[in-house]
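Peer 1: Please read through the structure below; I'll follow up with questions.
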Amino acid sequence: MHSRSHPYLGSVEPEEISSDPLGFLLSVTRQHGDIVSYESYGRSVTLLNHPSYARHVLQSNAKNYTKENTPDLLMLSPMLGQGLMTSVGDSWQRQRRQLQPLFHRHRVESWVEVMGELADETVEKWRDWQGSASPLDVSDEMTQLTVRILCRTLFGTDLPDQSGNFSEAVAALNQSMAHYDPFDANAQRRFQEARAELRAMAESIVGQRRGCPYARDDMLASLFGGERNEGESGEAFDRRIKDQVVTFLMAGHETTAKSLTWTFYLLSQFPEVAEKTRREIDFQLGDGEPTAKELDGLEYCRKVHQEAMRLYPPVWSMTRTSCSFDEIDGYEIPAGELVVVSPYALHRHQDFWDQPDSFIPDRFGASHEEECEPFRFIPFSGGSRVCIGRHFATLETRMILAKIVRNFSLSRPQRGPVEPEALVTLCPKGGMPLWIEGAHHNNHKA
């Protein structure tokens, strides 16, 4: 069988990509098709934009595609160390096996009450903000709330008092990693300061438990109870624990915070969708505290959130390196090739999504999972490296949506769309300032 040829763009200047990565991805895939190759940043790159191609790389032949020597790893390792998100091979498998039981459904559902309590504190804060002369940055608020939930559930503690402005540190790291320049001294300084703040938080969290590591049955107990690698010193073991804490401090809250931020933005733009969401919440939950089962029954909330993640996937690009020669649908993939799969482009593929740039929550009907190629929608990645905390994130998101939408109506102070900025995650450029008003409830059921 002869291999098929695919479009080759030649050399693409790095600035052409970095100045507008999302626009580059969409224009290339819509003009040239589902598999395109080019040279950039001194690498040979193949961009894949078909569900079956994504499935091949992430699942069917995942053993041939590694995170090693990818921009993802080179970008994240200086920030996260060698935790679950940045490890590969046997190290990743050991970490995944160790941590997987913490994210089983029954464990996650036992944290619903904590999620609700902390969401209620945000509701009370927002009530005090009502009538303020300035909008509230919902992006910052979601960062603060989701990291507090993560600390309380996984680490059994509150956000350390000495953490300073965690949101600012996260934003600085996001910017630094996305626009990494080893020759920019100021950028390097900002990155090191933000990284030091994050590491100090991890040290505080780990330090509180050193004397009684098994006081709670949580992630820290699992980490302290893990086996040391052969010849590993106590200092190296301790560093490994802190790397994992840093990893979950960042990765465990960031994608959820961003997906909530984009969801609230879309609800502010589509008041009829917000009203329909509120009616479902009122009807399904009433005035009581929602249980995991009740949250799971919020079908329209699910559709709204999934559609927000389709349009604005927090993880907008994933990269792998091919270990050896491969063929995808007859197209040759050389060994050492940098392979890119972009959820942002895939989620807007005109062959798989009707009106791909429009916000239509009802497209995620009951038949979506049954009838559609699952890899056309990959907000949590796919295959063996699918997000370990996806059920945690889903339950947390439903709880926060229920609490906020039940109590507030949101609107934007500016006209026009918010510009997404492709940093480490997909962020709203300039934050997400929204006006906060009390919600008006209709008495009829829907």
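Peer 1: Based on the Cα atoms of the chain, what semi-axes does the equivalent ellipsoid have, where each is the square root of 5 times one gyration tensor eigenvalue, given in whole Å with the largest first?
Peer 2: Each semi-axis is √(5λ); the values are 33, 29, 22 Å.
Peer 1: If you don't mind, there's one more thing I want to ask. For segment 8-438, what does the relative contact order come out to in percent, with C-alpha contacts under 8 Å and a separation of six or more?
Peer 2: On the way: 586 pairs, mean separation 115.9, N = 431.
Averaging sequence separation for qualifying contacts and normalising by length gives 27 percent for segment 8-438.
Peer 1: ³J(HN,Hα) across segment 91-100 via Karplus (A = 6.51, B = -1.76, C = 1.60, θ = phi - 60°), whole Hz, x for Gly/Pro?
Peer 2: 4, 5, 4, 5, 5, 4, 4, 5, 8, 3
Peer 1: Now a separate question. Give a residue-ordered list of calculated ³J(HN,Hα) values for segment 71-83 (Karplus: 6.51 cos²θ - 1.76 cosθ + 1.60, θ = phi - 60°; whole Hz; x for Gly, Pro).
Peer 2: Computed from phi, the couplings for segment 71-83 are x, 4, 6, 5, 7, 8, 4, x, 8, 9, x, 10, x Hz.
Peer 1: Given the options ASN407, ASN61, ASN186, state which has the largest fluctuation in a GNM of the chain using a 10 Å cut-off (strictly under) for Cα springs.
Peer 2: Answer for the Gaussian network model of the chain: ASN186.
Peer 1: Oh, and also: What is the antiparallel percent of DSSP beta bridges lying wholly in the chain, to the nearest 5?
Peer 2: Bridges in the chain that DSSP calls antiparallel: roughly 75 percent.
Peer 1: Right, here's the next one. Scan segment 211-273 for trypsin sites (Lys or Arg not before Pro) in coil per DSSP, keeping those whose Cβ has at most 12 other Cβ atoms within 10 Å, and list them by number.
Peer 2: Answer by residue number: ARG228.
Peer 1: Would you mind telling me which residue in CYS387, CYS301, CYS427 has the biggest mean-square fluctuation in a Gaussian network model of the chain, where springs connect alpha carbons within a distance under 10 angstrom?
Peer 2: CYS387
Peer 1: If you don't mind, there's one more thing I want to ask. Pairs of Cα atoms under 8 Å, at least six residues apart: use those to get the relative contact order of segment 266-386, whole percent.
Peer 2: Dividing the mean separation by the residue count of segment 266-386 yields 24 percent.
Peer 1: Rounded to whole Hz and in sequence order, give me ³J(HN,Hα) for segment 319-333 from the Karplus expression 6.51 cos²θ - 1.76 cosθ + 1.60, θ = phi - 60°, writing x for Gly and Pro.
Peer 2: Once θ is set to phi - 60°, the couplings for segment 319-333 become 10, 9, 10, 6, 6, 8, 4, 8, 10, 10, 6, x, 8, 6, 10 Hz.
Peer 1: Which value at 222 nm does the chain reach when only helices count, each DSSP H run of 4 or more adding -39,500 (n - 2.57), with the total divided by all residues and rounded to the nearest 500 deg cm²/dmol?
Peer 2: -15500 deg cm²/dmol
Peer 1: Further question on the same structure: Could you give the longest part of the chain that holds none of the GluC sites (Glu not before Pro) found in DSSP loops with at most 10 neighbouring Cβ atoms within 10 Å?
Peer 2: That gives 1-226 as the longest site-free run.
The numbers here are math on the coordinates, done by the rules we state, and not lab data. The model shown is predicted, which means the values in this text are computed figures rather than measured ones. Cβ atoms come from the backbone with ideal geometry, glycine included; neighbour counts cover every protein chain shown.
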